[in-house]
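The values are calculated or read from the model by the stated rules, or taken from the named source; none is laboratory data. This is a predicted model, so every value here is computed, not measured. Note that each Cβ is placed from the backbone with ideal geometry, even for glycine, and that neighbours are counted across all protein chains shown. Just so you know, the surface numbers come from the protein's heavy atoms only, side chains and all, with ligands and any DNA or RNA stripped out. Shrake-Rupley method; radii C 1.70, N 1.55, O 1.52, S 1.80 Å.
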Amino acid sequence: MASVAGALSFSASASDELIKLQANPNYWVMPSGNFAGTRYSELKQINKSNAKDLKMAWTFSTGVLRGHEGGPLVLPSTATGLDGDTLYIHAAFPNNVFAIDLDTLEIIWEYVPVQDYNETVPVMCCDTVNRGLAYGDGKIFLQQADTFLVALNAKTGERIWQTKNGDPKLGQTNTNAPHVMKDKVITGMSGAEFGVRCWIAAYDVNDGHLFGKAIAWGQTKILLSIQKKPLHS
């Protein structure tokens, strides 16, 4: 998904707020750090000369004893409406989300999705991981394993909307991190090992309605399904 911005030509019209936030290395505002997908931090406090002196200062358990992939988000109060900087952590299935105050290290809120284990987990490949959260327009976006894409209020954790991206009964599940670009949330689909013809989909950040899909069609072709206007507009 790091290359989606380039593939769909979204980067030129990306959210002004995210561009501004990613310019400050104290924050990590999207799964790969920035729209370029570099996954590189410009912070200098830890370097090759002092890395050997690092010691554990704090730990946190999500309570889920499965594989954890993807890093947390770190957002300022100007984005979240909360006091101080906030750490947003996600978990493997059932994909709990935590907002943690970085000054007090206390949990501000927790979102606990309700998912059907027997319907979803048996058709998940390679553990029950989740690869991260996205932020945009005051919302935290979670792509659940059962294919529901969820928008949470970054300040309160209240669910604003959710939309179903696929169907586990058809072998379709999600482990990917969503990406926010302009006024769209970009997500994907997994399940090719079960014969799923996978896709990339764009949903509106405000209400979650489907904007369009790019569907894999054979080994070398992609069928672009457009709603209203081209994905690159």
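Solvent-accessible surface of the range 43-143, taken per residue with a 1.4 Å probe and all protein chains present: 54 Å². Between G70, G188, G132, the Gaussian network model of the chain with springs among Cα atoms under 10 angstrom shows the greatest mean-square fluctuation at G70. Here r is the Cβ-Cβ distance between K48 and A192 and R0 is 45 Å; the resulting FRET efficiency, rounded to 0.05, is 0.65. Across the chain, counting alpha-carbon atoms alone, Rg and Dmax equal 17.8, 56 Å. Sorting 37-46, 144-153 by their mean Cβ neighbour count within 10 Å, with the most densely packed peptide first, gives 144-153, 37-46. Round to the nearest 0.05 the FRET efficiency obtained for I215 and D101 when R0 = 35 Å and r is the Cβ-Cβ distance. Efficiency, from the Cβ-Cβ distance: 0.25.
For the chain, adding -39500 (n - 2.57) for each run of n ≥ 4 DSSP H residues and dividing by the number of residues yields -1500 deg cm²/dmol at 222 nm.
The share of accessible area on the range 37-133 that comes from carbon and sulfur is 53 percent, using a 1.4 angstrom probe. Within the range 85-115, which residues have the backbone N less than 15 Å from the label spot 7 Å out from T156 along Cα→beta-carbon, could you tell me? What the label zone holds, given the 15 Å backbone N cut-off, is 109-111.
Ordering of 57-63, 167-173, 115-121 by packing is 167-173, 115-121, 57-63, highest average first (other Cβ atoms within 10 Å, averaged per residue). The orientation-averaged projected area of the convex hull spanned by the Cα atoms of the range 145-208 comes to 4.4 nm².
The Cα atoms of the range 52-147 cover 40, 38, 19 Å along the three principal axes, with the biggest extent listed first.
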